[in-house]
Every structure is written in structure tokens, then in C-alpha cells.
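Below is one structure, written out as C-alpha cells; comments come after it.
The values are calculated or read from the model by the stated rules, or taken from the named source; none is laboratory data. Bear in mind that the values here come from a model prediction, so they are computed numbers and not experimental data. Backbone-built Cβ (ideal geometry, glycine too); neighbour counts: all protein chains shown.
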Amino acid sequence: MDAEAHPAPVRPLAAFAVPNFRRFVTGQTISLVGSWTETVAQAILVLQLTHSGVWLGLTTATRYGPVLLLTPYAGVVVDRRAKRRLLLITQSSLAAVSLVLGVLVLTGAIRLWMVFAVAIAFGTLTALDNPARLAFISEMVGRAVGPIVAATLVSIVGVGWCFIANAASFGAVIASLLALNASQLHPSAPVRRAHGQLRQGLAYARTVPEILAPLAMMALIGTLTYEYEVSLPLFGRGALHGGPTTYSALFAAFGLGSVIGGVYCTRHPKTGVPRLIRAAIVYAAAMLATALTTQTYAAVAVLTVVGFASITFLTTGNSTVQLAARPDMRGRMTALWSTAFVGSTPIGATIIGAIGDTSPRLALIVGAAACGAAAIAGFTLLAHARATTGQITRPGSA
């Protein structure tokens with residue numbers, strides 16, 4: 001294994017000593033508030049237009065369909081191109097897409113087919129943006145607020161302004177990218193164009209347990225658990241008999257837990273498959289507990305734990321994959337991670353939407369079962385790697 005793929009552990013918050021990283025994170029934080037605002041607003045918009053969980057699932061599936069189809073190839077593009085330039089293009093384009101959707105809603109011209117058209121554009125751009133953004137972080141060495149903002153905007157000025165707010169939030173990322181000191185970046189050498197580079201990436205992932213196990217676990221959880229854009233509004237409307245405010249509260253609780261989990265992971269920056277398995281077990285228990293709640297306040301409390309487990313799983317898995325990947329493979333490995341995480345949504349959102357239309361509780365129980373299956377898959381792959389090699393190398397302190 002390349003020594004560079006397994007650097008020594010660093011002290012917590014060390015990355016924030018790098019000015020470029022602080023600028024980038026600031027821009028991303030503002031943009032995430034906008035993104036989650038739009039996530040809440042789109043679910044409310046589709047339910048207002050259709051009153052159907054199936055259509056909500058199909059809309060979400062359409063939004064992430066291009067991610068499933070295009071992200072593996074996008075990883076090859078990321079390895080070949082300057083990542084900062086790619087991000088400027090994708091972020092500007094995503095802002096334009098959100099702006100168009102907001103104008104359509106505010107003018108009353110919105111129709112369901114337009115939501116699908118915008119979803120396709122969003123997904124196509126996201127397929128390139130996600131691996132570029134994840135890989136770019138290596139060259140530079142919050143979330144609860146969005147649903148609250150959405151609830152406020154929806155109740156005061158309507159759904160349309162949520163999309164406008166998200167379009168504006170992309171400006172923070174663009175500004176942060178332009179403000180970076182290019183001389184302090186450490187770009188990896190672009191990979192020359194050659195045949196079979198995607199197949200090489202897939203073959204490489206299969207040979208590294210610290211990459212294969214997180215990808216397999218993320219595929220299960222990304223498909224059936226991380227479908228909150230579908231499951232939570234249906235759960236809030238059906239099982240809890242609430243409306244947009246209830247859904248926003250549920251998502252805000254999930255976001256608060258994510259922030260707490262993010263702080264925890266920053267203070268305890270461990271990686272490795274064992275920690276990923278533990279996070280999946282907690283995730284499964286919290287999802288099951290949420291499905292069994294009958295009151296909004298109880299669901300809010302438990303969803304905080306769900307958010308904590310979710311971000312711990314995502315952070316640990318992403319960090320493990322990135323640290324285990326060779327620099328020349330990092331774009332392709334982050335693309336595979338994005339495919340397992342976001343690209344699985346077209347399949348999962350449709351399934352969860354159909355289940356949730358009949359039984360919102362069952363939709364969450366299916367998500368809990370997927371977390372349990374992921375923990376079993378991770379344990380099995382870890383045991384196999386240890387039996388084959390005698391030990392498993394670790395990209396950080398596990």
C-alpha cells in the first residue's frame with residue numbers, strides 16, 4: 001500500500017489552521033444552509049402539487065438519477081481537471097438552477113413536469129460537483145439551520161423564496177473559491193487521459209478493504225435509510241398528523257444531531273471500518289426508535305440521535321475512503337463514494353416513497369434494517385480482510 005495513502009494522524013482541528021480551508025468551509029457552511037432549505041421546500045412543493053408519496057419519491061429519484069449514472073465517469077473527469085475551476089462552474093450553474101425554480105414558483109407558473117426538469121439539471125451538475133468538492137479538500141490541507149430557515153420562509157413568504165435563498169447561498173461558495181490563495185494549494189498531478197480508467201478505479205476499490213467496506217455499507221444505507229427527503233415528510237404528515245411545520249421540525253432535529261455529530265467527529269477524528277460498524281449499529285437503533293414514536297416531541301428527540309449517528313457514519317466513511325486512496329485515484333474513489341451515497345437515491349427514494357404512502361412507520365423501519373445489514377456487511381468484509389492478510393491496515397487511528 002502506498003505510504004502516502006496512510007498519513008500519520010493529525011491533531012483535531014489542525015485543518016482549520018490553513019486559511020484556505022477556513023475560507024472554503026465558511027462558504028460551504030452558508031451554502032449547506034441554503035441546500036437544506038431547498039430540500040425541505042422541494043418536498044413541501046411536491047406534496048402540495050400531488051399529495052402523493054409516490055410522486056415525492058419519483059421526484060427525488062429523478063433529482064439524483066444522474067448522480068447514479070454519471071458520477072463514476074465524473075470521477076475520471078475530476079482526476080483529469082483542475083478541481084477549483086470545476087467547482088466554480090458547478091456552483092455557478094447550481095445557483096442558476098435554484099434561481100429558475102424559485103422564479104417559477106413565485107410567478108405561479110410551476111408545474112410538476114418543471115420540477116422534474118429542474119431535478120434532472122440539478123442531478124447532472126451534482127454528479128460532477130460532489131467528487132470535485134470532496135477531492136478538493138485534500139488539496140487544502142452544519143446543517144440544523146436550513147430546515148428552520150425553510151419553516152420560517154414557508155410560513156411567512158412561501159415555498160418559492162426557499163429556492164431563491166438557496167441560489168443566493170451558492171454565492172458564498174463561489175466567493176470562497178475565488179478568495180483562495182492559489183499558491184498555497186497542493187493540487188495533485190492531473191491524470192492523463194487513457195482507456196479503461198474507470199475500470200481501473202473499480203478494480204482498485206475492490207483490492208482495498210478500507211475502501212470496499214465503506215462503499216458496500218454506504219450503498220445499503222444510502223439506498224434505504226438516507227431517504228429523509230421522502231420518509232420524513234410522509235412520517236410527519238401521516239404518522240404524526242402534522243404539516244410543513246412538523247416536517248421542518250423533524251428535519252431541524254435531524255440537522256441539530258448532525259451538527260453535534262460533526263463537532264464530535266472533529267474532536268475525535270478517528271477513521272476505520274470498526275468505527276463505521278459501531279456508527280451503523282447506533283444508526284439502526286435510533287431509526288427504529290423514531291419509527292415507533294407517536295408524538296412529535298418524541299420524534300424530534302430521537303431524530304437528534306439519528307442525525308448524530310448519520311453524520312458520524314458519513315464522516316468516518318468518507319475520511320476512511322479518502323485516506324486509503326492513492327492521490328491519483330482519489331477523484332475516482334470519492335466519485336464511487338458519492339455514487340453509493342447520493343447515486344443510490346433514485347432506487348431508494350422510489351421504494352421508500354411507495355412504502356411510505358402506505359405506512360410511513362414501515363418506511364423508517366426499512367431504513368433501520370438497512371443500517372443493521374450494513375453493520376453485518378462491514379463486519380463480514382473486515383473479518384475476511386483480516387483472515388486473508390492477517391490484519392487490516394488503517395488510514396487513521398481506528
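Key figures
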{"read-out": "Verdict on Gly238 being touching a helix residue (DSSP H, G or I) at 6+ places or on another chain (Cβ under 9 Å), surrounded by fewer than 22 Cβ atoms within 10 Å (Cβ to Cβ) and modelled with pLDDT of 90 or more", "value": "yes"}
{"read-out": "Residue among Arg84, Arg143, Arg80 that alone is surrounded by fewer than 22 Cβ atoms within 10 Å (Cβ to Cβ), under 21 Å from the mean Cα position of the chain (by Cα) and modelled with pLDDT under 90", "value": "Arg84"}
{"read-out": "Some residue of segment 256-273 being charged (D, E, K, R), outside any helix (DSSP H, G or I) and surrounded by 20 or more Cβ atoms within 10 Å (Cβ to Cβ)", "value": "no"}
{"read-out": "Test: Ala219 is crowded, with 19+ Cβ neighbours inside 10 Å and at pLDDT below 90", "value": "no"}
{"read-out": "Residue tally, condition assigned to a helix (DSSP H, G or I) and over 30 Å from Arg332 (Cβ atoms), over segment 102-130", "value": "9"}
{"read-out": "Residue tally, condition in a helix (DSSP H, G or I) and surrounded by fewer than 21 Cβ atoms within 10 Å (Cβ to Cβ), over segment 241-255", "value": "2"}
{"read-out": "Which listed residue is within 17 Å of the chain's Cα centre (by Cα) and of a type in the set (Lys, Arg), from Arg332, Arg361", "value": "Arg332"}
{"read-out": "Odd one out for Ala309 among (1) surrounded by 21 or more Cβ atoms within 10 Å (Cβ to Cβ); (2) in contact with a Ser or Thr (Cβ under 7 Å, 6 or more places away or on another chain); (3) at pLDDT 90 or above; (4) within 20 Å of Thr39 (Cβ to Cβ)", "value": "(2)"}
{"read-out": "Residues satisfying the stated conditions in segment 275-296, i.e. surrounded by fewer than 18 Cβ atoms within 10 Å (Cβ to Cβ) and either modelled with pLDDT under 95 or not in a helix (DSSP H, G or I) (or both)", "value": "Thr294, Gln295"}
{"read-out": "Residues that are under 30 Å from Leu382 (Cβ atoms), out of contact with any Ser or Thr (no Cβ under 6 Å at 6 or more places or on another chain) and of a type in the set (A, V, I, L, M, F, W, C), drawn from segment 238-277", "value": "Phe254, Val259, Ile260, Val263, Val273, Ile277"}
{"read-out": "Among the residues listed as Ala301, Ala340, the single one being at pLDDT 95 or above and in a helix (DSSP H, G or I)", "value": "Ala301"}
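This table checks each residue for (1) among the basic types (Lys, Arg); (2) at pLDDT below 60; (3) surrounded by 24 or more Cβ atoms within 10 Å (Cβ to Cβ).
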{"residue": "Val157", "(1), (2), (3)": "no, yes, no"}
{"residue": "Asn166", "(1), (2), (3)": "no, no, yes"}
{"residue": "Leu180", "(1), (2), (3)": "no, no, no"}
{"residue": "Ala194", "(1), (2), (3)": "no, yes, no"}
{"residue": "Leu198", "(1), (2), (3)": "no, no, no"}
{"residue": "Glu227", "(1), (2), (3)": "no, no, yes"}
{"residue": "Val230", "(1), (2), (3)": "no, no, yes"}
{"residue": "Leu234", "(1), (2), (3)": "no, no, yes"}
